[in-house]
Structures are given as C-alpha cells and as structure tokens.
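Take a look at the structure set out below.
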Amino acid sequence: MRVLGIETSCDETAAAVYDGEAGLLAHEVYSQVELHAAYGGVVPELASRDHLRKLLPLLKKVLDEAGGRIDGIACTSGPGLVGALLVGAAVGRSLAYAWRVPCIGVHHMEGHLLAPLLEEAPPAFPFVALLVSGGHTLLALVRGVGRYEILGSSVDDAAGEAFDKTAKLLGLGYPGGPQLARLAERGRPGVFQFPRPMTDRPGLDFSFSGLKTAVVVALRGRALDVETCADAALAFEEAVVDTLVIKAWRAVEATGVESLVIAGGVGANRRLRARMLAMGERYGVRVVYPRAEFCTDNAAMIALLGHLRLAAGQRDDLSIRARARWPMTELEPPGPVAIV
Ligand code: KG4
Ligand code: ZN
C-alpha cells in the first residue's frame with residue numbers, strides 16, 4: 001500500500017509518500033521560519049495562509065518524485081494550530097474523496113514517537129521514547145503502534161519552548177534553540193549554575209518554566225555582553241540536558257527496556273545527543289535518534305503512521321478533522337493487539 005502523508009500542524013508544510021514494501025519514496029519540507037522570525041514566534045493566521053500557498057506545489061513535487069498510484073492518504077489532524085491543521089486536513093480529505101481512496105487523520109506526536117521506524121535498523125518494541133519538541137516534552141513507554149503509556153510530561157513549558165524563551169531573553173532570534181546552543185559553545189563552564197528542576201524527588205514529570213526565571217534572576221543588574229550571554233546559555237543548556245538525561249534514564253531503569261528513542265526538535269541538540277549516547281554505552285542500552293530531518297516536523301513520519309493504520313484497515317469518514325488538543329491517552333492500536 002502506498003500512502004501520501006500531509007503535515008501542516010504548525011510552521012512546516014510537508015508532504016511524503018511511503019510504500020509498505022519499498023519504504024519512503026519521497027519527502028519534502030518547507031519551513032516557514034523566515035516568515036515568522038520578524039514576529040519572534042509563530043503567527044497562526046500567517047501560518048495557515050502560507051500552508052495554503054505551499055501545500056499543492058509540494059504535493060505535486062512528491063507525487064512526481066514517487067510516481068505511480070496512491071492507495072491512501074494520511075494527514076495530521078492534531079494536536080496543533082487549528083487553522084493550519086485544517087489546510088492539510090481539507091486538502092487530504094478532498095483528494096482522497098476525488099481519488100476514491102481511504103483517508104485517515106493521524107496524531108502528530110504519535111508520528112514523532114514512531115519516526116525511528118523510518119530508519120533501516122528500527123528499535124524493537126517495547127522502547128522508551130523521550131519526545132522533546134517546541135510544544136511537548138514527554139516520556140512514553142511504547143509497547144507497539146497505538147500502545148503508549150505516558151510515564152511523565154512537562155507540567156509547564158516544553159523543553160524547546162524553554163530554549164526559545166531563554167534565547168529571547170539573551171537577545172537571540174527565533175527559533176532560539178539552535179541559536180542558544182551555538183552561543184553556548186562559547187560559554188565558560190561554572191560561571192552560572194542553574195537548578196535541575198524536579199530531579200530531587202521521584203517521578204518522571206518535568207518543569208522548565210522556573211529555569212527561565214533562574215536565568216532572569218542571574219542576569220539581573222549585569223551587562224548583557226556576548227561573554228555573559230554565552231556563559232548563561234551554556235549553564236542553561238547544561239541544566240536542561242542534565243534534567244532530560246536524569247529523567248530518561250530513570251524511565252529506562254523503571255521499565256527495563258533495551259532501547260531509548262529520542263525524538264522531536266530538541267533531539268537535534270548536540271550536547272543532549274552526546275550525553276545520551278554516553279549513557280547508552282555505559283548501561284548497554286541502545287540509544288536511537290531518528291536522523292535530523294525526521295526529528296523535526298516532517299511528513300515522512302505521518303505517511304508511515306498513516307500506512308500502519310490504513311493497512312490495518314482503519315479509516316475515517318468524510319468529515320474534516322482538526323483538533324488543537326488531542327491527549328495521547330485517547331490513541332488506540334489500529335488492529336488486534338500484538339502481545340509484546
Ligand atoms: O519538533 P520541532 O521541530 O517542532 C515542534 O515543536 O513540533 O521542535 C522545535 C523545537 C524548537 O523549540 C527549537 O528551538 C528546538 O526544537 N530546537 C533545539 C535545537 N534545534 C531545535 N533546541 C535546542 N538545541 C537545538 N540544537
Ligand atoms: Zn513536531
């Protein structure tokens with residue numbers, strides 16, 4: 001079965017074609033980062049309008065590249081910006097109707113969780129996934145498709161959001177995560193020391209909003225020259241990375257899994273990668289990162305997820321779905337549950 005995937009949940013327009021036998025045939029992403037940069041964050045109305053402009057040319061590109069027929073369509077129907085989601089959902093549902101093929105709306109975060117299955121040597125179920133993006137931070141035990149146990153999540157800001165907000169405090173542009181990480185390379189260790197929130201008590205939840213406040217307090221009354229900002233960026237990055245490492249490893253130990261997957265945009269952070277890989281070696285646990293283009297928002301993960309569900313017989317009706325919020329606990333396996 002050959003599935004067209006469409007992703008428009010936030011500020012990336014993406015399309016991909018995934019074939020059950022041949023794997024990923026084509027995938028394209030158009031990022032709106034430049035469009036939103038002037039405003040310091042994503043402007044939902046501008047995002048929707050830009051998806052409208054970019055989606056059809058992008059679809060044509062992946063369809064030409066993949067060639068052949070399409071047997072089903074999957075579009076992200078949540079969680080995300082409703083106006084943005086509606087563009088992909090309406091186009092996908094309409095194309096499916098015109099082509100007389102089944103259509104399914106899929107969960108963006110589930111796409112991230114299963115993105116490592118796009119790689120050549122995918123991790124076997126069950127695995128623990130640490131999902132760290134701009135909108136979400138969570139740890140999940142992934143037993144199979146649609147079988148997720150949320151072990152912990154952020155009670156306030158997501159890790160990426162904390163990076164972006166702190167970057168703004170340090171006078172950096174949007175999106176701040178990669179820029180803060182670059183600045184941190186010039187920082188001197190030990191100049192600032194920030195807390196590792198919620199690591200001193202049991203549990204797997206996260207809290208990052210206090211860290212941002214800690215940065216504000218530490219910088220109060222100081223001249224914000226590049227050196228000071230770099231020192232603060234390094235201390236902040238170390239605090240976030242330490243916190244993520246401590247919690248992820250707590251989850252691995254508690255569940256006894258053999259693989260840890262790290263997905264989402266913050267997964268691109270080099271310090272996080274190095275620390276997690278070192279921990280994996282020390283404990284004999286496989287640490288898996290989807291390649292960078294499948295860590296950030298993309299439609300390859302949506303087409304793959306759509307394939308897993310459509311091929312199992314799951315289908316949506318003719319309605320066009322878009323959900324700003326969609327708890328992962330509502331997700332179910334596509335077919336009979338395989339016992340792991
Ligand atoms: O998964 P993603 O592309 O989009 C969603 O939020 O779904 O994640 C984007 C987030 C942004 O907050 C961005 O600042 C952060 O990932 N990010 C990073 C790095 N690259 C991207 N944060 C820290 N270090 C990086 N190298
Ligand atoms: Zn995402």
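The values are calculated or read from the model by the stated rules, or taken from the named source; none is laboratory data. The structure displayed is predicted, hence computed values, not measured ones. Here the Cβ is made from the backbone with ideal geometry for all residues, glycine too, and neighbour counts use every protein chain on show. Side chains included, ligands, DNA and RNA excluded: accessible areas come from the protein's heavy atoms. Shrake-Rupley method; radii C 1.70, N 1.55, O 1.52, S 1.80 Å.
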Quick one: in the range 103-142, of everything that is assigned to a helix (DSSP H, G or I) and open to solvent by 10 Å² or more (accessible area, probe 1.4 Å), which residue is farthest from ligand 2 (Cβ to nearest atom)? L117
Given (1) surrounded by 17 or more Cβ atoms within 10 Å (Cβ to Cβ); (2) of a type in the set (A, V, I, L, M, F, W, C); (3) under 22 Å from Y97 (Cα atoms), L81 misses just (3)
Take the residues in the range 206-216 that are crowded, with 19+ Cβ neighbours inside 10 Å and not in a loop (DSSP other than H, G, I, E, B); name whichever of them is nearest to the chain's Cα centre (by Cα). F206
Evaluation of D316 against (1) over 17 Å from the mean Cα position of the chain (by Cα); (2) more than 28 Å from G72 (Cβ to Cβ) (one fails), failing number: (2)
Only one of L180, L219, L244, L234 that is at pLDDT 95 or above, open to solvent by less than 60 Å² (accessible area, probe 1.4 Å) and touching a Gly at 6+ places or on another chain (Cβ under 6 Å): L234
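So that you can scan it fast, the table gives a plain yes or no per residue for (1) open to solvent by 50 Å² or more (accessible area, probe 1.4 Å); (2) more than 24 Å from L151 (Cα to Cα); (3) within 13 Å of ligand 2 (Cβ to nearest atom); (4) touching a Gly at 6+ places or on another chain (Cβ under 8 Å):
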residue	(1), (2), (3), (4)
T296	yes, no, yes, yes
A303	no, yes, no, yes
G306	no, yes, no, yes
L310	no, yes, no, yes
Q314	yes, yes, no, yes
D317	yes, yes, no, no
A322	no, yes, no, yes
E332	yes, no, no, yes
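To keep it simple, each residue is scored yes or no on (1) within 14 Å of ligand 1 (Cβ to nearest atom); (2) free of Cβ contacts under 8 Å to residues at least 24 places away in the same chain; (3) in a loop (DSSP other than H, G, I, E, B); (4) within 19 Å of V43 (Cα to Cα).
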residue: E161; (1), (2), (3), (4): yes, no, no, yes
residue: G173; (1), (2), (3), (4): yes, no, yes, yes
residue: V191; (1), (2), (3), (4): no, no, yes, no
residue: P197; (1), (2), (3), (4): no, no, yes, no
residue: R201; (1), (2), (3), (4): no, yes, yes, no
residue: L204; (1), (2), (3), (4): no, no, yes, no
Determine if the range 295-304 includes at least one residue that is out of contact with any Cys (no Cβ under 6 Å at 6 or more places or on another chain), outside the structural domain of Q32 (by TED's automatic domain parsing) and more than 16 Å from ligand 1 (Cβ to nearest atom). no
Residue list for the range 273-287, filter: open to solvent by 80 Å² or more (accessible area, probe 1.4 Å) and over 18 Å from A181 (Cβ atoms): E281, R282, Y283, R286
Any pair with Cβ under 6 angstrom, 6 or more apart, that starts in the range 1-24 at a residue that is within 16 Å of ligand 1 (Cβ to nearest atom) and ends at one that is open to solvent by 30 Å² or more (accessible area, probe 1.4 Å) and assigned to a strand (DSSP E or B): E12/V29; E12/S31; T13/Y30; A14/V29; A16/H27
The lone exception for H136 - which of (1) more than 30 Å from T329 (Cβ to Cβ); (2) within 13 Å of ligand 1 (Cβ to nearest atom); (3) modelled with pLDDT under 95 it fails: (1)
Please verify whether the range 94-102 includes one or more residues that are surrounded by 24 or more Cβ atoms within 10 Å (Cβ to Cβ) and either over 26 Å from T329 (Cα atoms) or touching a residue at least 12 places away in the same chain (Cβ under 8 Å) (or both). no
